[in-house]
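Heads up: the structure comes next, in structure tokens.
The values are calculated or read from the model by the stated rules, or taken from the named source; none is laboratory data. None of the values given here were measured: they were computed from a predicted structure. Reconstructed Cβ throughout: ideal geometry from the backbone, glycine too, with neighbour counts over all protein chains shown. Protein only, heavy atoms only, side chains kept; ligands, DNA and RNA dropped before computing areas. Shrake-Rupley method; radii C 1.70, N 1.55, O 1.52, S 1.80 Å.
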Amino acid sequence: MTATSEPFARAKSLEATLAARPLGLIIDGKSVPARSGKTFVTLNPATGKEICQVAEGSAADVDLAVQAARRALGNPAWRDMSAVDRSKLLNRLADLIERDAAELAVLECMDNGKPAALTQAVEIEGSIKTFRYFAGWPTKFGGETLPVSPRSGAKILNYTVREPVGVCGLIVPWNYPMSMAAWKVAPALAAGCTVILKPAEQTPLTALRLAELALEAGVPPGVFNVITGFGEAGAALVNHPGVDKVAFTGSTEVGKAIVRGSTGNLKKVSLELGGKSPQIVLPDADLNAAAAAVASGIFFNQGQTCTAGSRLYAHASIHDELLARIADHAARLTIGNGLDPAVNFGPLVSQEQWDRVSSYVEIGKAEGAEVVCGGGRPQGLGEGYFFEPTIMANAGRDMRIVREEIFGPVLSALSWSDADDLVAQANDSDFGLSAGIWTNDLRQAHRLAGAVKAGTVWINCFNLVDNATPFGGFKQSGWGREHGRQAMELYSEIKSIWVNLS
Ligand code: NDP
């Protein structure tokens, strides 16, 4: 353990600054306390200790933020900003994230627990890429001229324009705090919207820094607001008549509550929800590559990933060999405080999440599955919410560990031999976010890719995500697609304009 290394030193100095006074909400360009005066604690999951106090926003604060966002929508400094200037502004924000990358990485690592290298790559570099990618869209996202054929024979010019959808409530989870915020804030600002970001109660810190950096980049006050707090603050945003759109990433259960809550003014809603992604391994697959990817597909970010490949369908002829190799990868993970550069497997985000994951292991055992490795708290790591990488074999299609999202490092392994039944089993799920297919048979690979019901299919790879390609789910994994042109469409309205030229 290198407790004297640079990330630990940086964390120590950040802790001292953060502990000095509670962090405020960001409303109308200012950091302000909650109207109730209440604060809550954010904890470091690697130690279980308090990092700092954060303002607990409620409906009254949400109302102020919505008013500020509505005013900002009509502010000429934002409304009339040229596409080139909006693009420059998003690039400037990316530059500032780059400037503060080391500080942001440590902040996220302290608040969420994920290993430093992963934080740097996914949260920080990923967010920089997202802002740069969407910085390219304002100058390219427009309407079309369309060849209409009116019955009267009149000469008509018809064209479409894109307008910002308006005030957006962006509600994000704790598993990828900064990158999930970036996935929503970047296209919303690129489309000319104003936003109120509600981070998860477990991980509020980088959202607040991101809004401060946006102000420094020149985003006018009120364009980017942050309400920290609990689910009630999220619900107040969803219910508020001044919000035009809600974009949410999180559990399917809360996603359904958001749909119900947004009916008052029929908000536009996009949802990126849970998953139970199958990893399908055929007998001819490259077993080394498959084992490495199945292991990282479930143990990456301690399994707290919506696309986690949590259901393994291994052909009977290679099942035992594959499981042994995956277990070998699990054994080689270094578990500990993510600030230690040698660590590549951190704690779960909270005690609540630890209890949830642990309870699923018990449910699996009671249902007849067998623990191949892991299953509990690793030895000698003190107070943090650490959970071992876990493989459960002999899982059956009706078991809860095969049907429900565990959201932890638990792989449920099943064996198959009938190809038609394999597709039926892979699709026998409420979810449809993603799937992995491992084979060297091109025909089988494409046949399966067509047959599985999932928003993303990876063939001989897993968990590749890019701003250029749509991301989202079939079935109860969500509504709409993030990234690419599809994200710009989520944050805009299209208007058709008819001009009589006769
Ligand atoms: P939630 O879905 O409860 O939380 C996600 C976000 O929604 C948070 O900001 C949360 O605020 C907010 N929220 C909670 N209730 C409401 C509401 N009624 N209206 C509006 N917003 C609300 O996830 P949890 O953190 O509770 O995690 C529970 C389970 O959800 C996990 O074990 C996992 O299975 C799944 N999950 C899936 C994710 C995914 O990427 N697919 C991400 C996170 C969780 P607050 O934090 O204050 O409660």
Set of lysines with alpha-carbon distance to Lys256 below 17 Å, sequence-local pairs under 8 removed: Lys245, Lys267, Lys268, Lys475
From phi via Karplus (6.51, -1.76, 1.60), per-residue ³J(HN,Hα) for the stretch 36-41 in Hz, x at Gly/Pro: 6, x, 6, 9, 9, 9
Of all DSSP beta bridges in the chain, antiparallel share, percent nearest 5: 45
Whole-percent carbon and sulfur share, accessible surface of the stretch 239-331, 1.4 Å: 57
Accessible-area value, Ser434, 1.4 Å probe, nucleic acids and ligands omitted, Å²: 0
Surface share of carbon and sulfur [accessible, 1.4 angstrom probe, percent] for the stretch 344-502: 49
Calculated from backbone phi, Karplus (6.51, -1.76, 1.60) coupling profile of the stretch 367-379 in Hz, x at Gly/Pro: 7, x, 7, 10, 7, 7, 7, x, x, x, 7, x, 6
Whole-number percent relative contact order across the chain, with pairs defined as alpha carbons under 8 Å at least 6 apart: 18
Probe 1.4 Å - accessible area at Lys140, Å² to nearest ten: 130
Residues with amide H under 5 Å from that of Gly229, placed H, sequence gap 5 or more: Gly57
Whole-Hz couplings from phi, Karplus 6.51/-1.76/1.60, listed for the stretch 199-211; x for Gly and Pro: x, 5, 4, 6, 9, x, 6, 6, 4, 5, 5, 4, 5
CD proxy at 222 nm, helix term only [per DSSP H run n ≥ 4: -39500 (n - 2.57); per residue of the chain; nearest 500]: -11500 deg cm²/dmol
Accessible area of Tyr385 in the full protein assembly, 1.4 Å probe (Å², nearest 10): 20
Candidate residues Glu201, Glu56, Glu362, Glu123: accessible-area rank, largest first, probe 1.4 Å: Glu362, Glu201, Glu56, Glu123
1.4 Å probe accessible area per residue over the chain, in Å²: 39
Amide H within-cut-off set for Gly309, under 5 Å, with H built and near neighbours excluded: Ile298
Heavy-atom accessible area order for Glu212, Glu108, largest first, 1.4 Å probe: Glu212, Glu108
Portion, in percent, of the accessible area of the stretch 138-187 that falls on carbon or sulfur, probe 1.4 Å: 52
Exposure rank, largest accessible area first [Lys12, Lys365, Lys267; 1.4 Å]: Lys12, Lys365, Lys267
Charge sum, other residues only, whose C-beta stays under 14 Å from Arg400's C-beta, Lys/Arg counted +1 and Asp/Glu -1: -1
Reachable lysines, given that their alpha-carbon falls under 17 Å from the alpha-carbon of Lys49 and they are not under 8 places away in the same chain: Lys12, Lys114
Placed amide H near Trp458: partners under 5 Å, 5+ positions off or other chain: Ala435, Gly436, Ile437
Set of lysines with alpha-carbon distance to Lys88 below 19 Å, sequence-local pairs under 8 removed: Lys129, Lys140, Lys184
